[in-house]
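**Student:** Once you've had a glance at the structure underneath, I'll fire off some questions.
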Amino acid sequence: MKVVPLALLGLALSLPAVAQNATKPQPQAAAAVTVAQTPPMGWNSWNFFAERVTEQDIKNAADQMVSTGMRDAGYVYINIDDTWEGERDSTGVLHTNQKFPDMKGLADYVHARGLKLGIYSGPGAKTCAGFAASLGHEDQDAKLYAEWGVDYLKYDLCSFRKDVMQAQAPNDEAGQMRLMIAAYAKMGNALQATGRPMVYSLCQYGWDAVWEWGPEVHANLWRTTGDVQANWMSIYEIIERQAGLAKYAGPGHWNDPDMLEVGNGKLSLAENRSHFTMWSMLAAPLLAGNDLPNMKPEIKAILTNRDVVAIDQDKLGKQAQRVYVEGQVEVWTRPLAGGAKAVAILNAGDDRVATHPFHLDLAKIGLHGPQQGKDLWTGQPVTLTENQALEIKHHDTLLVRIPQPK
Ligand code: GLA
């Protein structure tokens, strides 16, 4: 996909009237400024339940969030993904389908547990699963979410591409991208106009360098890639595609490498750990997507490792950068509040021999002499030294927090 650098001011000049209006800031624009000051944490229904999700599953997830200690570890949002939508009535108001008989009641249930509720729609006529989406009803839908007490919207491109982009601007890629940006701005403004703080999550798979224009449409996060899957290849590919995006992340606006698959599929314990480590290094939203009532203790231990969560939630809000790669070992570092530093050394190799031992080059990551730190997976103190031989099992990651790097 060609990257079209964006200056929204310039863009407004060439947009049709409706789109120009859509990009105008609304008076209530201050409402959402305080959301997502650190990357959103919570749980989303899609990775485990997909189209099967029901109101009861959402209630169970809320209960489990509390009883497992996940809420107290920082997980807040319970996000309903696709397939809650019913039909619009004669006034255009969208109703829920029979799986979700009472959305307001569900929001109350979630809020009563100290949690927040997320919902899902898209700019097209249909969602990815073929349910009603928001095309032509953006203001109406945003008001409805606010009335229900929704705190988070994931807005997924889906049919908008065919319904509008390809229909209105055939063979005009730049024109298609302008239509897409205008549609995301329209819902961004509609959410702002409700006056209710709602996290606005863009899901259009990273097209058109969304990280460059996301903040201008009031987005708090934006997907950078296609859908994650519960296998190592998918997770590793997504990690590779985050290199270079650090500068676009910060308080209130985050790159989103997609939801967590920790505890799903056939990921090994090392792979689950690496997935969680790297998402935390990347200042990614931590949206668990596993079967909470049947969560294994070792998976709960990963998701609730407070030291690792603290890396993700660090107040400085600086995403990690990949500093160097040697063979199949990658070294990522992240500056933390108070001058601390996180170092993640990922052994992405399938060959268990070639990368062992890995010799750390401290100077390459800007450190000089022995560094005292904490291994955040063992919880033990650790000293990193120049040219140190490190044994990191394949698909595992060493994650060290250095409080006072030298
Ligand atoms: C897309 C999104 C997924 C999920 C599904 C729902 O594929 O990328 O995260 O929301 O749609 O239909």
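The values are calculated or read from the model by the stated rules, or taken from the named source; none is laboratory data. Keep in mind that this is a model prediction, so the values were computed, not measured. All Cβ positions, even for glycine, are placed from backbone atoms using ideal geometry, and neighbour counts span all protein chains on display.
**Student:** How about the range 240-269: which of its residues are crowded, with 24+ Cβ neighbours inside 10 Å and not in a loop (DSSP other than H, G, I, E, B)?
**Tutor:** The answer is TRP254, ASN255, ASP256.
**Student:** Among the residues of the range 201-227, count how many are crowded, with 24+ Cβ neighbours inside 10 Å, in a strand (DSSP E or B) and not small (Gly, Ala, Ser).
**Tutor:** Residues that pass the stated criteria total 4.
**Student:** List every residue pair whose Cβ atoms lie under 6 Å apart, where the two residues are 6 or more positions apart in sequence or sit on different chains, the first residue falls within the range 310-337 and is more than 22 Å from ALA36 (Cα to Cα) and of a type in the set (Asp, Glu), and the second residue, located anywhere, is surrounded by fewer than 21 Cβ atoms within 10 Å (Cβ to Cβ) and at pLDDT 95 or above.
**Tutor:** GLU330/ARG322
**Student:** Also, I was wondering about something else. Output the qualifying pairs, or none if there are none: Cβ atoms under 6 angstrom, residues six or more apart or on different chains, first residue in the range 390-401 and farther than 22 Å from ARG306 by Cα, second residue modelled with pLDDT of 90 or more and surrounded by fewer than 20 Cβ atoms within 10 Å (Cβ to Cβ).
**Tutor:** LYS393/ALA270
**Student:** Moving to a separate point now. With the condition kept exactly as written, say whether any residue in the range 270-287 is in a loop (DSSP other than H, G, I, E, B) and over 14 Å from the mean Cα position of the chain (by Cα).
**Tutor:** Step one: of the range 270-287, the residues in a loop (DSSP other than H, G, I, E, B) are 282-285.
Now drop any that are not over 14 Å from the mean Cα position of the chain (by Cα), which leaves none.
No, the range 270-287 has no match at all.
**Student:** Mind listing whichever residues of the range 43-97 are on the phi > 0 side of the Ramachandran plot, within 16 Å of the ligand (Cβ to nearest atom) and not in a helix (DSSP H, G or I)?
**Tutor:** Going residue by residue through the range 43-97, those that are on the phi > 0 side of the Ramachandran plot are 50, 69, 74, 83, 92.
Still in the list and also within 16 Å of the ligand (Cβ to nearest atom): 50, 83.
Within the range 43-97, THR83 is the sole residue that qualifies.
**Student:** Do you know which of the residues in the range 110-136 that are assigned to a helix (DSSP H, G or I) and in contact with a Leu (Cβ under 9 Å, 6 or more places away or on another chain) is surrounded by the fewest Cβ atoms within 10 Å (Cβ to Cβ)? Steps first, answer last, please.
**Tutor:** Of the residues in the range 110-136, the ones assigned to a helix (DSSP H, G or I) are 110-112.
Add one more test, that the residue is in contact with a Leu (Cβ under 9 Å, 6 or more places away or on another chain), and what stays is 110-111.
Numbers: VAL110: 26, HIS111: 15.
If we take residues in the range 110-136 being assigned to a helix (DSSP H, G or I) and in contact with a Leu (Cβ under 9 Å, 6 or more places away or on another chain), then HIS111 is surrounded by the fewest Cβ atoms within 10 Å (Cβ to Cβ).
**Student:** Further, regarding this structure: Among the residues of the range 163-181, is there at least one that is within 16 Å of the ligand (Cβ to nearest atom) and surrounded by 20 or more Cβ atoms within 10 Å (Cβ to Cβ)?
**Tutor:** Start the filter on the range 163-181 by keeping residues that are within 16 Å of the ligand (Cβ to nearest atom), which leaves 163, 180.
This time we only want the ones that are surrounded by 20 or more Cβ atoms within 10 Å (Cβ to Cβ), so: 180.
Yes: one or more hits.
**Student:** Do we find a residue being within 16 Å of the ligand (Cβ to nearest atom), aliphatic (A, V, I, L, M), within 24 Å of TRP377 (Cβ to Cβ) and in contact with a helix residue (DSSP H, G or I) (Cβ under 9 Å, 6 or more places away or on another chain) anywhere in the range 203-224?
**Tutor:** no
**Student:** Can you find even one residue in the range 148-162 that is assigned to a helix (DSSP H, G or I) and either of a type in the set (Val, Ile, Thr) or more than 16 Å from the ligand (Cβ to nearest atom) (or both)? Steps first, please.
**Tutor:** Start the filter on the range 148-162 by keeping residues that are assigned to a helix (DSSP H, G or I), which leaves 148, 160-162.
Those left that are additionally either of a type in the set (Val, Ile, Thr) or more than 16 Å from the ligand (Cβ to nearest atom) (or both): 148.
Yes: one or more hits.
**Student:** Looking at the range 209-233, I want the residues that are within 17 Å of GLN37 (Cα to Cα) and touching a residue at least 40 places away in the same chain (Cβ under 8 Å) and have a partner that is part of a loop (DSSP other than H, G, I, E, B) and within 16 Å of the ligand (Cβ to nearest atom) with Cβ atoms under 6 Å, at least 6 apart or on another chain. Which pairs are those?
**Tutor:** Final answer for the pair search is LEU221/PRO285.
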